[in-house]
Amino acid sequence: LFLPLLGAGWAALERRGREPATSQKFALGFAFIAAGFWLLSSTSGMTSQMTGGLADAVGKVPMLYVVLAYLLITLGELCIAPLSYATVGRIVPMGLQGLAMGMLLLAFALGNLGASWLATAAAIPDGMLAAASGEVYRHFFMVPAAIALVAVPVCLAASRLLDRTVPT
């Protein structure tokens, strides 16, 4: 649903001569992801008084914040994943594109494996009060937020190399 809208947005910017460089698109994607996980972290364990009645008494994240966080994370992934495939297609020699795409998919798989390890580490122990679990989740969601936030300046710092190698 969002990919065609994002593609149309990039195309409109290109027609106006304002399309961001590849590295800037990567940085924007990581910024969206960082914002989504930061939103989940900052709202974990919120009480009804803190949200004006949006949260329940046990401190669960209000659904509005979950939907907004997933929207931000999805937009971030849509800035990164398709661009990754296109970048591999542009810079890898024709005879090695299959291998390079396989390596990219392997990298995505290893990322998913790491995410499953993080999720297992953040499992709430039996008997922990629901209100206390908010602190566990607050710390858990800060890990991917921090990783994505660090990736933003890394992408921008690498922009000179990327932009010389990879056309927009």
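The values are calculated or read from the model by the stated rules, or taken from the named source; none is laboratory data. If you're wondering where the values come from, they're calculated on a predicted model, not measured in any experiment. Here the Cβ is made from the backbone with ideal geometry for all residues, glycine too, and neighbour counts use every protein chain on show. Ligands, DNA and RNA are stripped out before the accessible areas are found, and what is left, the full protein with its side chains, is counted by its heavy atoms. Shrake-Rupley method; radii C 1.70, N 1.55, O 1.52, S 1.80 Å.
Here are the numbers for the structure shown:
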{"read-out": "Subset of the range 70-89 that is closer than 17 Å to W38 by Cβ and not hydrophobic (A, V, I, L, M, F, W, C) - its residue that is surrounded by the fewest Cβ atoms within 10 Å (Cβ to Cβ)", "value": "Y70"}
{"read-out": "Test: residue in the range 122-133 that is buried (at least 16 other Cβ atoms within 10 Å of the Cβ), touching a residue at least 24 places away in the same chain (Cβ under 8 Å) and closer than 21 Å to F2 by Cβ", "value": "no"}
{"read-out": "Test: residue in the range 134-150 that is open to solvent by 80 Å² or more (accessible area, probe 1.4 Å), within 23 Å of A35 (Cβ to Cβ) and β-branched (V, I, T)", "value": "yes"}
{"read-out": "Residues of the range 120-155 that turn out to be at pLDDT below 85, in a helix (DSSP H, G or I) and farther than 19 Å from L72 by Cβ, as a count", "value": "9"}
{"read-out": "Cross-chain or 6+ apart pairs with Cβ under 8 Å, the range 29-54 first and under 18 Å from Y70 (Cβ atoms) and open to solvent by 50 Å² or more (accessible area, probe 1.4 Å), then modelled with pLDDT under 65 and assigned to a helix (DSSP H, G or I)", "value": "L54/S48"}
{"read-out": "Test result for M63, exposed (fewer than 12 other Cβ atoms within 10 Å of the Cβ) and at pLDDT below 90", "value": "yes"}
